[in-house]
Amino acid sequence: MVSLATGRFLHSLMMVAALIASYWLYRQSRVKLLVTGDQKRYLSLAALLGAFIGAKLPFLLERDWSGLSPWVHWLSDGKTVLGGIFGGYLAVEMTKAWLGVRQRTGDAFAMPVAAGLSLGRIGCFFGGCCYGTPTQVPWGVAFPTAPDGGELLRHPVQIYETLFHSIALVGLVLFERQGWLKGQRLKLYLLGYLAFRFVTEWIRPESVLWLGLTAYQITCVTLAMLLGLQMLWEFRVRPAESLS
(Lines give C-alpha, C1' and ligand atoms only; values in the text may rest on other atoms or scores of the structure.)
Protein backbone atom coordinates (compact mmCIF):
# COMPACT_ATOMS: atom_id res chain seq x y z
CA MET A 1 0.00 0.00 0.00
CA VAL A 2 1.02 3.62 -0.52
CA SER A 3 1.76 6.01 2.34
CA LEU A 4 -1.18 7.49 4.23
CA ALA A 5 -0.59 10.97 2.79
CA THR A 6 -0.35 9.65 -0.77
CA GLY A 7 -3.38 7.47 -0.16
CA ARG A 8 -5.46 10.45 0.95
CA PHE A 9 -4.39 12.39 -2.13
CA LEU A 10 -5.23 9.52 -4.47
CA HIS A 11 -8.53 9.02 -2.66
CA SER A 12 -9.49 12.64 -3.27
CA LEU A 13 -8.28 12.47 -6.87
CA MET A 14 -10.37 9.39 -7.65
CA MET A 15 -13.43 10.93 -6.01
CA VAL A 16 -13.10 13.97 -8.25
CA ALA A 17 -12.67 11.67 -11.27
CA ALA A 18 -15.80 9.75 -10.20
CA LEU A 19 -17.83 12.96 -10.00
CA ILE A 20 -16.62 14.14 -13.40
CA ALA A 21 -17.35 10.78 -15.05
CA SER A 22 -20.80 10.57 -13.47
CA TYR A 23 -21.68 14.12 -14.47
CA TRP A 24 -20.47 13.64 -18.06
CA LEU A 25 -22.46 10.43 -18.51
CA TYR A 26 -25.54 11.99 -16.96
CA ARG A 27 -25.28 14.95 -19.32
CA GLN A 28 -25.25 12.49 -22.22
CA SER A 29 -28.15 10.39 -20.99
CA ARG A 30 -30.53 13.03 -19.66
CA VAL A 31 -31.12 14.46 -23.15
CA LYS A 32 -33.43 11.48 -23.71
CA LEU A 33 -35.69 12.51 -20.84
CA LEU A 34 -38.97 13.93 -22.11
CA VAL A 35 -39.15 16.65 -19.47
CA THR A 36 -38.52 20.38 -19.49
CA GLY A 37 -35.13 21.93 -18.84
CA ASP A 38 -36.25 23.18 -15.42
CA GLN A 39 -37.51 19.72 -14.48
CA LYS A 40 -34.16 18.20 -15.47
CA ARG A 41 -32.39 20.70 -13.24
CA TYR A 42 -34.71 19.93 -10.32
CA LEU A 43 -34.20 16.19 -10.76
CA SER A 44 -30.42 16.61 -11.00
CA LEU A 45 -30.34 18.70 -7.82
CA ALA A 46 -32.59 16.20 -6.03
CA ALA A 47 -30.29 13.32 -6.97
CA LEU A 48 -27.21 15.19 -5.77
CA LEU A 49 -28.66 16.37 -2.45
CA GLY A 50 -30.44 13.09 -1.78
CA ALA A 51 -27.27 11.09 -2.38
CA PHE A 52 -25.22 13.38 -0.13
CA ILE A 53 -27.72 13.31 2.73
CA GLY A 54 -28.34 9.56 2.40
CA ALA A 55 -24.62 8.80 2.40
CA LYS A 56 -23.84 10.92 5.44
CA LEU A 57 -26.94 10.74 7.64
CA PRO A 58 -26.42 7.22 9.10
CA PHE A 59 -22.93 8.11 10.32
CA LEU A 60 -24.09 11.35 11.92
CA LEU A 61 -27.01 9.67 13.68
CA GLU A 62 -24.61 7.17 15.27
CA ARG A 63 -23.65 10.05 17.57
CA ASP A 64 -27.37 10.60 18.36
CA TRP A 65 -29.23 13.65 17.01
CA SER A 66 -26.47 15.99 18.16
CA GLY A 67 -24.37 14.63 15.30
CA LEU A 68 -26.43 16.69 12.86
CA SER A 69 -24.86 19.91 14.12
CA PRO A 70 -22.70 21.85 13.74
CA TRP A 71 -22.82 21.81 9.95
CA VAL A 72 -19.09 20.96 9.65
CA HIS A 73 -19.95 17.40 10.70
CA TRP A 74 -21.54 16.98 7.27
CA LEU A 75 -18.11 17.52 5.67
CA SER A 76 -16.26 15.02 7.85
CA ASP A 77 -15.19 11.51 6.85
CA GLY A 78 -17.63 8.64 6.98
CA LYS A 79 -20.19 7.89 4.26
CA THR A 80 -22.18 4.89 3.12
CA VAL A 81 -22.57 4.05 -0.56
CA LEU A 82 -25.79 2.18 0.12
CA GLY A 83 -27.33 5.21 1.81
CA GLY A 84 -26.11 7.50 -0.95
CA ILE A 85 -27.61 5.43 -3.75
CA PHE A 86 -31.02 5.10 -2.17
CA GLY A 87 -31.02 8.62 -0.77
CA GLY A 88 -30.63 9.88 -4.32
CA TYR A 89 -33.22 7.41 -5.62
CA LEU A 90 -35.82 8.44 -3.04
CA ALA A 91 -35.15 12.15 -3.56
CA VAL A 92 -35.67 11.84 -7.33
CA GLU A 93 -38.90 9.85 -6.89
CA MET A 94 -40.26 12.43 -4.44
CA THR A 95 -39.28 15.29 -6.75
CA LYS A 96 -40.96 13.58 -9.70
CA ALA A 97 -44.17 13.30 -7.67
CA TRP A 98 -43.92 16.99 -6.74
CA LEU A 99 -43.33 18.03 -10.35
CA GLY A 100 -45.96 15.68 -11.74
CA VAL A 101 -43.38 13.85 -13.90
CA ARG A 102 -44.68 10.43 -14.94
CA GLN A 103 -41.84 9.37 -17.22
CA ARG A 104 -39.44 6.78 -15.83
CA THR A 105 -36.13 8.53 -15.33
CA GLY A 106 -33.99 5.80 -13.79
CA ASP A 107 -32.23 4.87 -17.03
CA ALA A 108 -30.63 8.32 -17.12
CA PHE A 109 -28.98 7.70 -13.74
CA ALA A 110 -27.98 4.02 -14.01
CA MET A 111 -24.75 4.31 -16.03
CA PRO A 112 -23.56 7.50 -14.27
CA VAL A 113 -23.98 5.82 -10.87
CA ALA A 114 -22.18 2.65 -11.97
CA ALA A 115 -19.28 4.59 -13.49
CA GLY A 116 -18.95 6.87 -10.47
CA LEU A 117 -18.92 4.02 -7.98
CA SER A 118 -16.43 1.95 -9.98
CA LEU A 119 -13.97 4.87 -9.81
CA GLY A 120 -14.92 5.94 -6.31
CA ARG A 121 -14.19 2.53 -4.84
CA ILE A 122 -10.67 2.69 -6.25
CA GLY A 123 -10.33 5.89 -4.24
CA CYS A 124 -11.52 4.01 -1.15
CA PHE A 125 -8.84 1.38 -1.78
CA PHE A 126 -6.08 3.99 -1.91
CA GLY A 127 -7.53 5.82 1.08
CA GLY A 128 -7.56 2.63 3.14
CA CYS A 129 -11.24 2.78 4.08
CA CYS A 130 -13.98 0.17 3.60
CA TYR A 131 -11.51 -2.73 3.87
CA GLY A 132 -12.58 -6.32 4.48
CA THR A 133 -11.90 -8.97 7.10
CA PRO A 134 -8.56 -10.77 7.49
CA THR A 135 -7.94 -13.41 4.84
CA GLN A 136 -5.39 -15.90 3.53
CA VAL A 137 -6.22 -15.41 -0.18
CA PRO A 138 -3.20 -14.57 -2.37
CA TRP A 139 -4.55 -11.14 -3.24
CA GLY A 140 -5.06 -10.04 0.36
CA VAL A 141 -3.88 -6.50 1.14
CA ALA A 142 -2.38 -4.99 4.29
CA PHE A 143 -4.20 -1.77 5.19
CA PRO A 144 -2.26 0.49 7.61
CA THR A 145 -5.56 2.16 8.47
CA ALA A 146 -6.99 -1.08 9.89
CA PRO A 147 -7.04 -1.63 13.68
CA ASP A 148 -4.08 -4.03 13.38
CA GLY A 149 -1.99 -1.35 11.66
CA GLY A 150 -1.53 -3.42 8.52
CA GLU A 151 -0.14 -6.56 10.15
CA LEU A 152 -2.90 -8.74 8.71
CA LEU A 153 -3.84 -9.23 5.07
CA ARG A 154 -7.45 -8.32 4.38
CA HIS A 155 -9.99 -8.73 1.60
CA PRO A 156 -9.73 -5.71 -0.75
CA VAL A 157 -13.51 -5.32 -0.75
CA GLN A 158 -13.16 -1.96 -2.51
CA ILE A 159 -11.67 -3.70 -5.56
CA TYR A 160 -14.43 -6.31 -5.50
CA GLU A 161 -16.93 -3.45 -5.65
CA THR A 162 -15.04 -1.78 -8.49
CA LEU A 163 -15.24 -5.02 -10.47
CA PHE A 164 -18.97 -5.37 -9.77
CA HIS A 165 -19.81 -1.82 -10.84
CA SER A 166 -17.55 -2.06 -13.91
CA ILE A 167 -19.26 -5.27 -15.05
CA ALA A 168 -22.64 -3.69 -14.32
CA LEU A 169 -21.67 -0.68 -16.43
CA VAL A 170 -20.84 -2.92 -19.38
CA GLY A 171 -24.17 -4.69 -18.94
CA LEU A 172 -26.06 -1.39 -18.79
CA VAL A 173 -24.39 -0.23 -22.01
CA LEU A 174 -25.49 -3.47 -23.69
CA PHE A 175 -29.04 -3.07 -22.42
CA GLU A 176 -29.07 0.50 -23.68
CA ARG A 177 -27.93 -0.49 -27.16
CA GLN A 178 -30.36 -3.39 -27.40
CA GLY A 179 -33.25 -1.42 -25.91
CA TRP A 180 -33.88 -4.04 -23.23
CA LEU A 181 -35.96 -3.32 -20.12
CA LYS A 182 -36.41 0.35 -20.84
CA GLY A 183 -37.28 2.23 -17.68
CA GLN A 184 -36.23 -0.65 -15.42
CA ARG A 185 -32.44 -0.70 -15.83
CA LEU A 186 -31.67 1.31 -12.72
CA LYS A 187 -33.84 -0.97 -10.59
CA LEU A 188 -32.20 -4.05 -12.10
CA TYR A 189 -28.75 -2.62 -11.36
CA LEU A 190 -29.73 -1.70 -7.80
CA LEU A 191 -31.17 -5.16 -7.15
CA GLY A 192 -27.91 -6.66 -8.39
CA TYR A 193 -25.91 -4.40 -6.09
CA LEU A 194 -28.11 -5.24 -3.11
CA ALA A 195 -27.50 -8.96 -3.70
CA PHE A 196 -23.76 -8.33 -4.11
CA ARG A 197 -23.60 -6.18 -0.99
CA PHE A 198 -25.57 -8.73 1.04
CA VAL A 199 -23.07 -11.48 0.15
CA THR A 200 -19.94 -9.38 0.65
CA GLU A 201 -21.09 -8.31 4.10
CA TRP A 202 -19.79 -11.70 5.26
CA ILE A 203 -16.25 -10.49 4.53
CA ARG A 204 -16.66 -7.01 6.00
CA PRO A 205 -15.84 -6.20 9.64
CA GLU A 206 -19.41 -5.22 10.50
CA SER A 207 -21.20 -6.01 13.75
CA VAL A 208 -24.03 -8.55 13.71
CA LEU A 209 -27.33 -6.88 14.54
CA TRP A 210 -30.10 -9.48 14.35
CA LEU A 211 -30.49 -13.12 13.28
CA GLY A 212 -26.82 -13.30 12.39
CA LEU A 213 -27.17 -10.41 9.93
CA THR A 214 -25.53 -6.99 9.90
CA ALA A 215 -27.48 -3.75 9.66
CA TYR A 216 -26.46 -3.48 6.01
CA GLN A 217 -27.74 -6.96 5.21
CA ILE A 218 -31.10 -6.22 6.81
CA THR A 219 -31.21 -2.97 4.86
CA CYS A 220 -30.38 -4.82 1.63
CA VAL A 221 -33.23 -7.28 2.13
CA THR A 222 -35.70 -4.50 2.94
CA LEU A 223 -34.72 -2.35 -0.02
CA ALA A 224 -34.71 -5.33 -2.40
CA MET A 225 -38.26 -6.19 -1.36
CA LEU A 226 -39.42 -2.60 -1.92
CA LEU A 227 -37.71 -2.38 -5.31
CA GLY A 228 -39.11 -5.74 -6.34
CA LEU A 229 -42.63 -4.67 -5.42
CA GLN A 230 -42.22 -1.43 -7.37
CA MET A 231 -41.03 -3.34 -10.44
CA LEU A 232 -43.93 -5.80 -10.23
CA TRP A 233 -46.40 -2.94 -9.94
CA GLU A 234 -44.92 -1.15 -12.95
CA PHE A 235 -44.92 -4.33 -15.05
CA ARG A 236 -48.57 -4.83 -14.16
CA VAL A 237 -49.58 -1.24 -14.93
CA ARG A 238 -47.47 -0.74 -18.09
CA PRO A 239 -46.16 -4.18 -19.18
CA ALA A 240 -45.46 -3.28 -22.82
CA GLU A 241 -43.41 -0.23 -21.89
CA SER A 242 -41.45 -2.16 -19.25
CA LEU A 243 -40.38 -4.84 -21.71
CA SER A 244 -39.62 -2.57 -24.67
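The values are calculated or read from the model by the stated rules, or taken from the named source; none is laboratory data. In this text the structure is predicted, and so the values were computed from the model without any measurement. Positions of Cβ are backbone-derived with ideal geometry, glycine not excepted, and every protein chain shown enters the neighbour counts.
Among the residues of region 98-130, write down those that are closer than 23 Å to L181 by Cβ and hydrophobic (A, V, I, L, M, F, W, C). Listed by number, the residues that qualify are V101, A108, F109, A110, M111, V113, A114, A115, L117. G54 meets the conditions (1) assigned to a helix (DSSP H, G or I); (2) under 30 Å from F175 (Cα atoms); (3) modelled with pLDDT of 85 or more; (4) out of contact with any Lys or Arg (no Cβ under 7 Å at 6 or more places or on another chain) in every case but one. The failed one is (3).
Would you pick out the residues in region 123-140 that are at pLDDT 95 or above, of a type outside the set (F, W, Y) and surrounded by fewer than 21 Cβ atoms within 10 Å (Cβ to Cβ)? Within region 123-140, T133, P134, T135, Q136, V137, P138, G140 qualify. Among all positions in region 100-114, there is no residue which is of a type in the set (S, T, Y) and either touching an Asp or Glu at 6+ places or on another chain (Cβ under 7 Å) or at pLDDT 90 or above (or both).
Checking each residue in region 174-186 for being part of a helix (DSSP H, G or I) and buried (at least 20 other Cβ atoms within 10 Å of the Cβ) picks out R185, L186.
On inspection, H165 fails the criterion of being at pLDDT 95 or above and farther than 22 Å from L227 by Cβ.
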